[in-house]
Amino acid sequence: MAQLLRVQNFSVSSDGIGAGEDQTLERPFGHVDPGRLFAWAGATASWPMRTDSGGSRGLDDYLTRDYARNIGAEIMGRNKFGPQRGPWKDHEWQGWWGDEPPFHTPVFVLTHHPRPSFTLSDTTFHFVAGDPAAVLAQAREAAQGKDVRLGGGVSTIRQFLDADLVDTLHVAVSPVALGSGLRLWESPDELLDRFHLDVVPSSSGVTHHLFWRR
């Protein structure tokens, strides 16, 4: 069975914005409040950071559970890993997630500035340069036959889409317009030359866009 490159549970606004501008240590999503995009997943029973027994069931919950299914490695852009730009000033920064990152697989961080790999819990971060196809080849080898998740952010997903390497995408469109920021698309119709699309509304108000390669 072929190893897929999958975008899972990527959330955007109704005008296609997936993150804000002016990212800082205190504001990983820049000027955008991430709660406005991710509330649908945080409300589910399967949200991994839930501390009580409540939460919604149904479609949103199913897709939240599906996030980790058959994933053997992740690729992310450097801006998803942290707020630094340029050469690493030091190696103390180890990501937004603390000692227990939520990935549980090897993670390949795209960067032009080399840095040694390190491991936190069951997640090893590798810092890699190269074109999307070369990075995907590394991630597929590490995934040991499982699929690779393309975790974002917006620029990284666009880069792999432009290279025609993405096999499936799940994009959750929240019913809020943000006006400015990093935009995944002007319209999901832009991808219909290469992908089939099912659009499935949820009772939470989010509309799930499910793409798979033609």
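Derivation of every value follows stated rules applied to the coordinates shown; laboratory data play no part. Keep in mind the model is a prediction, meaning the values are calculated, not measured. All Cβ positions, glycine included, derive from the backbone under ideal geometry; neighbour counts span all protein chains shown.
Looking at the stretch 27-58, the trypsin sites (Lys or Arg not before Pro) that sit in a DSSP loop and have at most 12 other Cβ atoms within 10 Å of their own Cβ are Arg57.
All other residues with a Cβ under 10 Å from the Cβ of Val109 taken together, and with Lys, Arg as +1 and Asp, Glu as -1, what is their net charge? So the surrounding residues net to +2. With the simple model of a label 7 Å out from the Cα in the direction of the Cβ, Ala43 to Ala163 spans 3.7 nm. Spin-label model, Gln144 to Thr119: label points 7 Å out along the Cα-to-beta-carbon direction sit 1.2 nm apart.
In the stretch 92-174, which chymotrypsin sites (Phe, Trp or Tyr not before Pro) fall in coil by DSSP and have 13 or fewer other Cβ atoms within 10 Å?
Loop-located and lightly packed - Trp96, Trp97.
Return the whole-Å distance between the Cα centroid of the stretch 53-68 and the Cα centroid of the stretch 84-118. Taking the Cα centre of each part, the stretch 53-68 and the stretch 84-118 sit 28 Å apart. The residues neighbouring Thr64, those whose beta-carbon lies less than 15 Å from its own, together hold a net charge of +3 under the Lys/Arg +1, Asp/Glu -1 convention. Relative contact order of the stretch 58-198, taken over Cα pairs closer than 8 Å and 6 or more residues apart, is 26 percent. Comparing Ser53, Ser174, Ser202 in a Gaussian network model of the chain where C-alpha atoms under 10 Å apart are linked, the largest mean-square fluctuation is found at Ser53.
Of all the C-alpha pairs in the chain, what % are more than 29 Å from each other? Numbers along the way, then the final one.
Working: 5010 of 22791 pairs.
So the portion of pairs separated by more than 29 Å is 22 percent.
Under the criterion of Cα pairs below 8 Å and six or more residues apart, the relative contact order for the stretch 127-214 equals 28 percent.
Across the options Trp185, Gln159, Val200, the greatest Cα extent toward the positive end of the charge dipole of the stretch 159-210 (unit charges at beta carbon of Lys, Arg, Asp, Glu) belongs to Val200.
Were the residues from Ala134 through Glu92 laid out at 0.36 nm apart, the gain over their Cα-Cα distance would be 12.4 nm.
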